[in-house]
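Worksheet: one structure, shown below.
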Amino acid sequence: MLINAIFRSLFWSSAETNTVNVTRIGPVSSGAELTPLGPIMVGSEKRRPRFLAIHPPDQQLFLSVAGALTGEEGGTSIDVIDLITGELRGLVSTNIGAVSGMAVDWALEGLIYWADIVNKRIEAVSRSGEERRVVVSEGIVEAVGLCVQGDWLYWADRDQAVIVRVDKMTGRVC
């Protein structure tokens with residue numbers, strides 16, 4: 001679940017319905033509450049939307065899409081929805097095990113970061129889907145809750161019960 005504070009919208013994915021949904025958040029002063037707008041993406045048993053990250057200035061919603069439940073991990077992709085046109089396109093569709101967290105850097109380079117709990121690494125790719133790279137490949141056990149702030153990338157490691165901070169470009173622990 002995430003909030004686009006600029007356009008006062010709440011986005012969430014539903015594992016039960018395999019959808020990405022949006023709700024409008026009313027202004028506090030008006031007393032208006034939440035207005036469900038419905039799904040903006042409907043998946044299937046073979047395409048299950050899960051983790052979300054947003055770049056509000058460009059109105060882009062990034063999502064991880066898990067493959068079919070086959071007993072084997074894999075088949076995951078990173079996609080983007082243009083919230084103005086509704087266009088859905090793929091960014092990354094190879095060598096992703098299972099995404100356990102996503103974040104978008106609002107800085108000029110605008111990278112998308114994701115944690116892969118199967119391959120035990122954190123990767124990044126440009127918002128155009130080019131320049132994919134591994135940011136961290138050592139010491140990753142069960143990374144969740146990615147966040148980018150300034151020069152830093154943070155995440156919680158659920159297995160080790162720690163918060164980790166690394167340089168977002170070099171992956172060096174600081």
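The values are calculated or read from the model by the stated rules, or taken from the named source; none is laboratory data. Note that the structure is a prediction, hence the values are computed from the model and not measured. Note that each Cβ is placed from the backbone with ideal geometry, even for glycine, and that neighbours are counted across all protein chains shown. Remember, those area values only see protein heavy atoms, side chains included, never the ligands or the DNA or RNA. Shrake-Rupley method; radii C 1.70, N 1.55, O 1.52, S 1.80 Å.
Structure values in brief
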| read-out | value |
| --- | --- |
| VAL164 vs. criteria touching a Leu at 6+ places or on another chain (Cβ under 9 Å) and closer than 21 Å to HIS55 by Cα | no |
| Residues within the range 165-174 that are within 23 Å of PRO57 (Cα to Cα) and open to solvent by 20 Å² or more (accessible area, probe 1.4 Å), tallied | 1 |
| Residue ID - modelled with the highest pLDDT, chosen from residues in the range 1-43 that are surrounded by fewer than 10 Cβ atoms within 10 Å (Cβ to Cβ) and closer than 21 Å to THR76 by Cα | GLU16 |
| ILE84, sole failed condition from (1) without any contact (Cβ under 8 Å) to a residue 40 or more places away in the chain; (2) more than 14 Å from MET169 (Cα to Cα); (3) part of a strand (DSSP E or B) | (3) |
| Counted residues, the range 134-152 - those being touching a Gly at 6+ places or on another chain (Cβ under 9 Å) and free of Cβ contacts under 8 Å to residues at least 40 places away in the same chain | 5 |
| Only one of SER93, SER64 that is exposed (fewer than 15 other Cβ atoms within 10 Å of the Cβ), under 18 Å from the mean Cα position of the chain (by Cα) and under 25 Å from ARG48 (Cα atoms) | SER93 |
